[in-house]
Amino acid sequence: MRTNKYLDVNPEVAQALAEGKPVVALESTIISHGMPYPQNVETALQVEKIIRDNGAVPATIAILGGRLKAGLTAEEIEYLGKTGTGVTKASRRDLPVLVAKKMDGATTVTTTMMIAHMAGIQIFATGGIGGVHRGAETSMDISADLEELAHTPVMVICAGAKSILDLGLTLEYLETHGVPVIGYGTEELPAFYTRRSGFRVDYRLDSPEELAEAFLAQRAMGIEGGMLVTNPIPEEYSMDPEVINRAIDEAIAESVKAGIHGKETTPYLLAKVKDITGGDSLDSNIRLVFNNAALAARTAAACRRLRE
Ligand code: PSU
Ligand code: MN
């Protein structure tokens, strides 16, 4: 925990942390840049409910008026969802100026991990992480999320990564930086919309208790960095790999043609894929986030039991 004068932990989250109760962090770029309004707000509120139903307290994270917020009100979530891409997508490099200038920022996996750690929250659920983009050998576009996983002691529970990324290079990068990549109930890295990618994860673990044991061992040994848990989308919501991969290829071709680069790339590709698949991908996206939220809450509860 690295608390500081810019951090506001909401009272419910602060109380849960003080009592050692399970808390799960959630990001806000998925709200502002990852989904359209109003589904983004509905999803964010439903995710919080799922976390409560599974025995933990949700802490959605964002930067509002220069304050680092751990735990948002429903009104604040509505504001972020409605403002959408009008809110700055905030990665590690953005924090100093956003805070100094009292601006708003939607937190990515990177900044959600940072602020969760400042608040003392160890478990974080999201949809997908950033990674090494296809063509990174020339663009050098590698998400800061991977670097954060290498340094910040937070468990990130996601549905793998979308094949807008080069999944093989993403795994290589994580290996180099010492980040354990766990498959939840699978030996294969899930590819977000689909359960399979053709790439193997480092380890398969099968229960929240096993996840908690591995994470607490990492902490007890003082090993720097976090842990990536990849949880496959439930079978009934997974997409036809051919359909989704064709949509992704088309989205990438359009982004190249339109000259999209830098931090715009990921939001642009996500929106294009959604347009091309006519909203089917949005439905899958929502379902997999629900699935990750439930696993995160159960894992946070398992961490608590193991600590007692
Ligand atoms: N991938 C998704 N959905 C998302 C993101 C990534 O499937 O919403 C968001 C997350 O906030 C992630 C960020 O941390 O995009 C990565 O952006 P970049 O590739 O610019 O680092
Ligand atoms: Mn990038």
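Here are some notes:
- No other residue among Ala144, Ala159, Ala116 is modelled with pLDDT of 95 or more and either within 16 Å of ligand 2 (Cβ to nearest atom) or among the β-branched types (Val, Ile, Thr) (or both) apart from Ala144.
- Val154 being surrounded by 16 or more Cβ atoms within 10 Å (Cβ to Cβ) and within 16 Å of ligand 1 (Cβ to nearest atom): yes
- For the range 3-41, a residue qualifies if it is outside any helix (DSSP H, G or I), of a type outside the set (A, V, I, L, M) and either more than 22 Å from Ala100 (Cα to Cα) or touching a Pro at 6+ places or on another chain (Cβ under 9 Å) (or both), and the qualifying residues are Glu19, Gly20, Lys21, Pro22, His33, Gly34, Pro36, Tyr37, Pro38.
- Checking each residue of the range 103-115 against the condition of being closer than 26 Å to Tyr6 by Cβ and either acidic (Asp, Glu) or without any contact (Cβ under 8 Å) to a residue 12 or more places away in the chain (or both) gives at least one match.
- Here Ala217 meets each of (1) at pLDDT below 95; (2) outside any loop (DSSP other than H, G, I, E, B) with one exception, condition (1).
- Against the list (1) out of contact with any Phe, Trp or Tyr (no Cβ under 9 Å at 6 or more places or on another chain); (2) basic (Lys, Arg); (3) crowded, with 19+ Cβ neighbours inside 10 Å, the condition Lys102 fails is (3).
- Top-ranked residue in the range 190-226 [being of a type in the set (A, V, I, L, M, F, W, C) and under 28 Å from Val273 (Cα atoms); ranked as nearest to the chain's Cα centre (by Cα)]: Phe192
- So Ala125, is it surrounded by 21 or more Cβ atoms within 10 Å (Cβ to Cβ), within 24 Å of Pro232 (Cβ to Cβ) and out of contact with any helix residue (DSSP H, G or I) (no Cβ under 9 Å at 6 or more places or on another chain): no
- Matching entry among Asn245, Asn292, Asn285 (being in a helix (DSSP H, G or I), of a type in the set (S, T, N, Q), within 17 Å of His133 (Cβ to Cβ) and away from ligand 2 (no atom under 16 Å from the Cβ)): Asn245
- The residues of the range 23-39 that are farther than 15 Å from Ile129 by Cβ and more than 10 Å from ligand 1 (Cβ to nearest atom), listed by number, are Val23, Val24, Pro36, Tyr37, Pro38, Gln39.
- Members of the range 204-231 found to be among the aliphatic types (A, V, I, L, M), under 19 Å from Pro190 (Cα atoms) and touching a residue at least 40 places away in the same chain (Cβ under 8 Å), listed by number: Leu211, Met227, Leu228, Val229
- Selection status of Thr110, over 14 Å from the mean Cα position of the chain (by Cα), part of a helix (DSSP H, G or I) and either hydroxyl-bearing (Ser, Thr, Tyr) or closer than 15 Å to Glu148 by Cα (or both): no
- Residues that are touching a Phe, Trp or Tyr at 6+ places or on another chain (Cβ under 9 Å) and under 17 Å from Glu175 (Cα atoms) were ranked within the range 215-232; the one that is surrounded by the most Cβ atoms within 10 Å (Cβ to Cβ) is Val229.
- Test: residue in the range 196-204 that is within 18 Å of Asn285 (Cβ to Cβ), modelled with pLDDT of 95 or more and assigned to a loop (DSSP other than H, G, I, E, B): yes
- Checking the range 262-269 against the condition returns a match, with at least one residue being without any contact (Cβ under 8 Å) to a residue 40 or more places away in the chain, crowded, with 16+ Cβ neighbours inside 10 Å, under 24 Å from Leu149 (Cβ atoms) and more than 16 Å from the chain's Cα centre (by Cα).
- Complete set of residues in the range 252-285 that are hydrophobic (A, V, I, L, M, F, W, C) and within 12 Å of ligand 1 (Cβ to nearest atom): Ile260, Leu269, Leu270, Ala271, Val273, Leu282
- Flag for Thr277 being within 16 Å of ligand 2 (Cβ to nearest atom) and of a type in the set (Val, Ile, Thr): no
The values are calculated or read from the model by the stated rules, or taken from the named source; none is laboratory data. Everything quoted here is computed from the prediction, not taken from an experiment. Positions of Cβ are generated from backbone atoms using ideal geometry, with glycine treated the same way; all protein chains shown enter the neighbour counts.
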